[in-house]
Amino acid sequence: MHRFSLVFVFFVMSISVGAQGKIPADAIRQKMQWFSEAKLGIFIHWGIYAVKGVDESWGFYNGKISWEDYMAQLQGFTASKYDPEAWASLIRESGAKYAVVTTKHHDGVALWDTKQKHYDVVDNSPAKRDLLTPLFAALRKRDVRVGAYFSLIDWSHPDYPQFLKGTDRYKASQDPARWKRFLDFYQAQIRELSVRFNPDLWWFDGDWEHSAEEWQAAGVRRMILERNPAAIINGRLQGYGDYATPEQNFPVTRPPEDWWELCMTINNNWGYQPSDTNWKTPYEVITIFADAISNGGNLLLDIGPKEDGTIPEPQVHVLQELGAWNKKHEEAVFGANAGLPQGHFYGPTTLSSDSTDLYLFLPGKVSGQIMLKGLLNAIESVTVVGTDQALTHKVVGKISWSPVPGIVYIPVPESVQDKYMSVLKLRLKGPLRLYRGKGGL
Ligand code: GLC
């Protein structure tokens, strides 16, 4: 979707959620509970594109490589060092509560032994085995929920209308019988995934090439929920999903959706590309993550393993550093909800569910006095999360006859700084109360 404009992203965010049919709102809330508490997921883009290190599927679609040369990568996809237990441990170590793996990308190559007549790595590559079963088992063993990325688009399928950019095979509306064959095929694959793996979450992609009616999106949603009423569906099913998925583009104002998830690459690409060394640093990933949760969202951070199944070292490093930081700051990250509306504090914030603990995240190695505006509560204590350090605070400019609260200043000594980002915990007297006015005006 990175080829579409920002406008499109906002469009997706504003319309792709909410087509819940007749399911009552509290039932949706209940099923979304684990997702809102999860905060962090790891996205895995693994496929034959890792062999030559080309753009996943888009490589041939955009004519950077011929379809034949692209598919020839099947011969080089070995999964020879694939260690699903090690993947799952690393994911668990990162602090992620769910993982979403590409069961099939737009190139049509399935990572499991699909019974449908089409490409899969079991029959068509030297990997010769179903790669999903052991991964899902390893993740579940570690209490990490499993998500299935599934591309609705299948540019390699002879009955799929679109093929290479500008060269469609046919138009769905002009050959309903052929389109119907494709619908039966792709829905049978979804049924297979559903029956065999029962994913906790479905991460559809590529819905933009057809309408909800053409995809039979309502029926797909129904089929999934019949098998598992608690399954969560992302917002790329033409209006039949549960949550929004802004991609690579960081919200500035807080998205109005109840649930959203920012999916983001760890360098510039989803799949493994040896030439792409533009790694985001642990600090960057941690601050982006904090910003997302501060605004009520999740982060789905992508890794792109090599064809042999090894995870490139810089990706391992980021996940481990993120994990160590998450561990230290667990209560502020996983035990908390979205924080203050913008304007009170210059940084991300979160709140305990009873809103008596306010967490202030301090990006950029802050030292000296930080400032917090509009807090009506008295502060009982200030501590540095993950340490036993207590800090003092001072209220400045409180006018006795005015309802406007003073400004809280907290001196942060350099000695308490975290390697990446310190977090302060303010224990409030009573649940959070804010002043949101314009001062004396
Ligand atoms: C886009 C791309 C796809 C990628 C996905 C991840 O939709 O088409 O290549 O897998 O984003 O969010």
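The values are calculated or read from the model by the stated rules, or taken from the named source; none is laboratory data. Being a predicted model, the structure only gives us computed values, none of them experimental. Here the Cβ positions follow ideal geometry from the backbone for every residue, glycine too, while neighbour counts run over all protein chains shown.
Observations, loosely collected:
- The set of residues from the stretch 231-249 being more than 13 Å from the ligand (Cβ to nearest atom), part of a loop (DSSP other than H, G, I, E, B) and under 22 Å from residue 37 (Cβ atoms) comprises 231, 242.
- For residue 68, the criteria (1) at pLDDT 95 or above; (2) crowded, with 22+ Cβ neighbours inside 10 Å hold in every case but one, which is (2).
- Scanning the stretch 145-171 for residues that are over 20 Å from residue 120 (Cβ atoms) and either in contact with an Asp or Glu (Cβ under 7 Å, 6 or more places away or on another chain) or without any contact (Cβ under 8 Å) to a residue 24 or more places away in the chain (or both) returns 145, 161, 162, 166, 167, 168, 169, 170, 171.
- Residue ID - nearest to residue 182 (Cα to Cα), chosen from residues in the stretch 88-107 that are of a type outside the set (A, V, I, L, M) and surrounded by fewer than 24 Cβ atoms within 10 Å (Cβ to Cβ): 106
- Pairs meeting the criteria (first residue in the stretch 254-278 and more than 18 Å from residue 319 (Cβ to Cβ) and in the same structural domain as residue 317 (by TED's automatic domain parsing), second residue more than 16 Å from the ligand (Cβ to nearest atom) and in a loop (DSSP other than H, G, I, E, B), beta carbons under 6 Å, at least 6 apart or on different chains) are 254/295.
- Among the residues of the stretch 89-143, those identified as more than 14 Å from residue 44 (Cα to Cα), among the aliphatic types (A, V, I, L, M) and in a loop (DSSP other than H, G, I, E, B) are 109, 127.
- Any pair with Cβ under 6 angstrom, 6 or more apart, that starts in the stretch 172-190 at a residue that is closer than 16 Å to residue 212 by Cα and ends at one that is among the hydroxyl-bearing types (Ser, Thr, Tyr): 182/160
- Here residue 299 meets the list (1) of a type in the set (A, V, I, L, M); (2) within 16 Å of the ligand (Cβ to nearest atom); (3) surrounded by fewer than 19 Cβ atoms within 10 Å (Cβ to Cβ) almost entirely, failing just condition (3).
- In the stretch 250-269, of all residues being assigned to a loop (DSSP other than H, G, I, E, B) and within 13 Å of the ligand (Cβ to nearest atom), the one that is nearest to the chain's Cα centre (by Cα) corresponds to 265.
- Failed item, numbered, when residue 321 is tested on (1) over 26 Å from the mean Cα position of the chain (by Cα); (2) at pLDDT 95 or above: (1)
- Residue match in the stretch 121-144 (condition: among the β-branched types (Val, Ile, Thr) and under 30 Å from residue 328 (Cα atoms)): yes
- Residue match in the stretch 281-289 (condition: under 24 Å from residue 361 (Cβ atoms) and within 16 Å of the ligand (Cβ to nearest atom)): yes
- Cβ-Cβ under 6 Å pairs, at least 6 apart or on other chains, the stretch 369-391 side exposed (fewer than 13 other Cβ atoms within 10 Å of the Cβ) and part of a loop (DSSP other than H, G, I, E, B), far side at pLDDT 95 or above and not aliphatic (A, V, I, L, M): 378/429
- Looking across the stretch 31-73 at every residue that is in a loop (DSSP other than H, G, I, E, B) and charged (D, E, K, R), the one that is nearest to the chain's Cα centre (by Cα) is identified as 39.
- Of the criteria (1) within 14 Å of the ligand (Cβ to nearest atom); (2) part of a helix (DSSP H, G or I); (3) touching a strand residue (DSSP E or B) at 6+ places or on another chain (Cβ under 9 Å), which one residue 208 fails: (3)
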